[in-house]
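Trainee: Before we start, here is the structure in question, set down as structure tokens.
The values are calculated or read from the model by the stated rules, or taken from the named source; none is laboratory data. No experiment lies behind these values; they were computed from the predicted model shown. Cβ atoms come from the backbone with ideal geometry, glycine included; neighbour counts cover every protein chain shown.
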């Protein structure tokens, strides 16, 4: 795991069967545009990452080595890269597949899949402000098992579980976009944060209060029965994780139809609902926190078909009335890198 670049969490669920009819939604509002600095940083990182990866694929390893920081150059020698490239060529010719960027924790990371025959390798490259390559990581992509709910989507209409514009840090069907996909219950999970002014936090990011999503209201995505409302877990300092307390403070909602939602890592003492309570769509459940097995404040959300921790299978999620990347509202299954908000 790359510290503070990729969030890690394990979540818990419970169950019920009662539900309410969703209340009417408010009138739609105009979408918020994507932050200009995010677009600029994304384009720059894609250009730098694609150029660096092309040097590896095209066997220009000395040129790639010259782009590295002194610290990285000592670890990733041209000889070592050549050995890795040679091993991949045994499986087949190299080609770049889909790619993306991660602009979190003050880092600009380029992430791509490299294909060699039937083998897929995940490549992560991080760049500093000068465009120097400061980290390089190759990880085999796991072969995912069949998805029992691949053709299914939630029957209960859902809105996004927050107000305002948020950024999808993890979300989608591919491991490149969503590290959760390797866990059956979290196959279709999401991690949401607020990204603005160059990142997810202000200042040095050492305090939870530095993070833009800290303390933001988390709301019910539909009418539901509260199955579990766990509070009392302490909030971590950023970068410090609590693996013994997987979900931290969390709420489990039952929408009926075998659909259970987990909203995790809420702020200590912030929960405003109790188990057995019936909630309306848009009702506040708690505040975004940093409790449990998490490296920085964010909201985790997923649907699954059972109430038992690690025993359920994740259900694909479609949200209603989503303005994604400044576009008009529509039904959407957001993916990593999108800016999303509920537009009614």
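Trainee: Can you name the helices (runs of 4 or more DSSP H) wholly within the range 53-121 that have at least 3 residues being out of contact with any helix residue (DSSP H, G or I) (no Cβ under 6 Å at 6 or more places or on another chain)?
Mentor: It comes to 70-75, 78-91.
Trainee: Considering only residues that are surrounded by 17 or more Cβ atoms within 10 Å (Cβ to Cβ) and in a loop (DSSP other than H, G, I, E, B), which ones fall in the range 153-172?
Mentor: 154, 156, 157, 159, 160, 161, 165, 171, 172
Trainee: Are any residues in the range 107-128 surrounded by fewer than 18 Cβ atoms within 10 Å (Cβ to Cβ) and within 16 Å of the chain's Cα centre (by Cα), and if so, which ones?
Mentor: Once the filter is applied, which keeps residues that are surrounded by fewer than 18 Cβ atoms within 10 Å (Cβ to Cβ) and within 16 Å of the chain's Cα centre (by Cα), the range 107-128 yields only 107.
Trainee: OK, next. Checking residue 145 against (1) in contact (Cβ under 8 Å) with a residue 40 or more places away in the chain; (2) closer than 16 Å to residue 312 by Cα; (3) out of contact with any helix residue (DSSP H, G or I) (no Cβ under 7 Å at 6 or more places or on another chain), only one condition comes out false. Which one?
Mentor: Residue 145 satisfies all of (1) in contact (Cβ under 8 Å) with a residue 40 or more places away in the chain; (2) closer than 16 Å to residue 312 by Cα; (3) out of contact with any helix residue (DSSP H, G or I) (no Cβ under 7 Å at 6 or more places or on another chain) except (1).
Trainee: With respect to residue 83, is the statement that it is modelled with pLDDT of 95 or more and either in contact with a strand residue (DSSP E or B) (Cβ under 6 Å, 6 or more places away or on another chain) or not assigned by TED's automatic domain parsing to the domain that holds residue 53 (or both) true?
Mentor: no
Trainee: Among the residues of the range 307-336, write down those that are surrounded by fewer than 21 Cβ atoms within 10 Å (Cβ to Cβ) and in contact with a helix residue (DSSP H, G or I) (Cβ under 8 Å, 6 or more places away or on another chain).
Mentor: Scanning the range 307-336 gives 309, 310, 311, 313.
Trainee: With the checklist (1) in a loop (DSSP other than H, G, I, E, B); (2) touching a helix residue (DSSP H, G or I) at 6+ places or on another chain (Cβ under 8 Å) in hand, flag the one item residue 29 doesn't pass.
Mentor: Every condition holds for residue 29 apart from (2).
Trainee: Consider the range 178-205. How many of its residues are under 14 Å from the mean Cα position of the chain (by Cα), touching a residue at least 60 places away in the same chain (Cβ under 8 Å) and in a loop (DSSP other than H, G, I, E, B)?
Mentor: The qualifying residues number 7.
Trainee: Looking at the range 253-344, what strands (runs of 3 or more DSSP E) fall wholly within it and have at least 3 residues that are within 18 Å of the chain's Cα centre (by Cα)?
Mentor: 259-266, 299-304, 319-324, 339-342
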